[in-house]
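Since every read-out is calculated from the coordinates, none of them should be taken as a lab result. Bear in mind that the values here come from a model prediction, so they are computed numbers and not experimental data. Heads up, the Cβs are rebuilt from the backbone with ideal geometry, glycines too, and the neighbour counts pull from every protein chain shown.
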There are 2 protein chains.
Amino acid sequence: MQKEIELFKEHLKKINLKVTSQRLKVLEAFLKTEKHLSCEELFLIVHRNAPEVGYTTVYRTLKLIQKSGLAREVDFGDRVSRLEHEYGHQHHDHMVCLKCGKFFEVYEPEIEALQDKLAKKKNFTPVRHKMEIFGYCRECGKK
Amino acid sequence: MQKEIELFKEHLKKINLKVTSQRLKVLEAFLKTEKHLSCEELFLIVHRNAPEVGYTTVYRTLKLIQKSGLAREVDFGDRVSRLEHEYGHQHHDHMVCLKCGKFFEVYEPEIEALQDKLAKKKNFTPVRHKMEIFGYCRECGKK
DNA sequence: ATGAAATTGAAAATCATTTTCAATTATACT
DNA sequence: AGTATAATTGAAAATGATTTTCAATTTCAT
Ligand SMILES: [Mn+2]
Ligand SMILES: [Mn+2]
Ligand SMILES: [Zn+2]
Ligand SMILES: [Zn+2]
């Protein structure tokens, strides 16, 4: 976790932003929680131990965490932004159950390779992609 | 276009909803515009010829158009819901340029097949999926 | 220590979308 | 054709996530 905190501080320095206790508290709460967190969920976690940190600051800090490369946004189509760990985590995509809402992380190297190939064929320089398969999980699929 | 209108009317009948001039006006505007339209964009188009149709009705009708199978929602990550034609159109995914915002429709059968295979492997029953590749288009990629 | 520049949190604003509700309209059934 | 009933309508208000505003506070290079 120290490595991540250092990377975050470096990122702040690089863009002339200041290291504040609020920002560190938000970052640490994010790092300790290995989940796909919405801003609100993270605010509630931070708020428990540090009620002095405002909602707005959590929002703003989450943007910084993303930009520092420690997190990426995931979008399950419900119009709520969620963050997942990026640093030290392999890229992956998701399958989302339309009934119970559970989701599963998936990674298929063959698909990843074909995506790059497809982009190249179209003279497109890929930066990132998003793939979500919606359907019914093992339990919910049994009708 | 008549075929689509018939399908829409059938869908309404099936769920005991009424055929109204407002709904037909919204549908026709959608069918005539082969674009990835947001609700607001479609409202403006409808409004030109039929200022009596309200914003809310456009929203509500778009939901019906989706449910009738004539359109599907696309999500380019900007928190705005857009609809594209579904009926008579092959499924496809998108590549979105991070610089100029242009997007391209892509279809790669090998990827589609692997997605299904992946789902099956996880005992997941796929219903639909979404794949977007973000990056730089041919023009913007040249720096 | 000092001061310029950045940060903060509360409240207000924004923006897409959804809900509410009283007035209007479509449709099934005389 | 007339009527009853349930659905529909549009304007306005509500919602909910996110963003902006701003005066007070804090950081950090000097
Ligand atoms: Mn994940
Ligand atoms: Mn498309
Ligand atoms: Zn499920
Ligand atoms: Zn471009």
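Summary of computed values
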{"read-out": "Residue and distance (whole Å) for the chain B Cβ nearest the axis that superposes B on A", "value": "B:Met131, 2"}
{"read-out": "Exposure proxy ranking, count of Cβ atoms within 10 Å, fewest first, for B:Asp78, A:Asp75", "value": "B:Asp78, A:Asp75"}
{"read-out": "Pairs from A:Lys35/A:Lys67; B:Lys32/B:Lys130; A:Lys9/A:Lys35; A:Lys25/B:Lys122; A:Lys102/B:Lys99; A:Lys67/B:Lys102 whose Cα-Cα separation, in the structure shown, is over 29 Å", "value": "A:Lys25/B:Lys122; A:Lys102/B:Lys99"}
{"read-out": "Per-residue average of Cβ from other chains inside 10 Å of A:104-111", "value": "4"}
{"read-out": "A:Ala113-B:His36 pseudo-label distance in nm [points 7 Å out on the Cα-to-Cβ vector]", "value": "2.8"}
{"read-out": "Fewest-first sequence of B:Phe76, A:Phe30, A:Phe134 by Cβ atoms within 10 Å of each Cβ", "value": "B:Phe76, A:Phe134, A:Phe30"}
{"read-out": "Value of Rg to Rh for segment A:2-85 (Rh from inverse mean 1/r over Cα pairs, i.e. Kirkwood)", "value": "0.94"}
{"read-out": "Segment A:1-47 and segment B:38-89: distance between their alpha carbon centers, rounded to Å", "value": "39"}
{"read-out": "Copies compared at A:Gly77 - label distances in nm, ascending, label defined 7 Å from Cα in the Cβ direction", "value": "1.8"}
{"read-out": "Isotropically averaged projected area of chain B, using the convex hull of Cα atoms (one quarter of hull area), nm²", "value": "11.0"}
{"read-out": "Of A:Lys122, A:Lys13, A:Lys25, the one that fluctuates the most in a GNM where chain A has Cα springs shorter than 10 Å", "value": "A:Lys122"}
{"read-out": "Estimated [θ] at 222 nm from DSSP helical runs (n ≥ 4, -39500 (n - 2.57)) normalised by residues in chain B, nearest 500", "value": "-14000 deg cm²/dmol"}
{"read-out": "Shape metrics for segment A:93-142, restricted to C-alpha atoms - Rg then Dmax, Å", "value": "14.0, 43"}
{"read-out": "Under 20 Å from the Cα of B:Lys120 - aspartates and glutamates, other chains or at least 8 residues apart", "value": "A:Asp93, A:Glu105, A:Glu108, A:Glu110, A:Glu112, A:Glu132, A:Glu139, B:Glu108, B:Glu110, B:Glu112"}
{"read-out": "Stokes-Einstein D in µm²/s, Kirkwood radius over Cα pairs - the protein assembly as shown at 25 °C with 0.890 mPa s viscosity", "value": "114"}
{"read-out": "Förster-model FRET efficiency, 51 Å R0, A:Asn16 and B:Lys14, C-beta, rounded to 0.05", "value": "0.25"}
{"read-out": "Proxy reagent accessibility, fewest Cβ within 10 Å first, across A:Ile5, B:Ile15", "value": "B:Ile15, A:Ile5"}
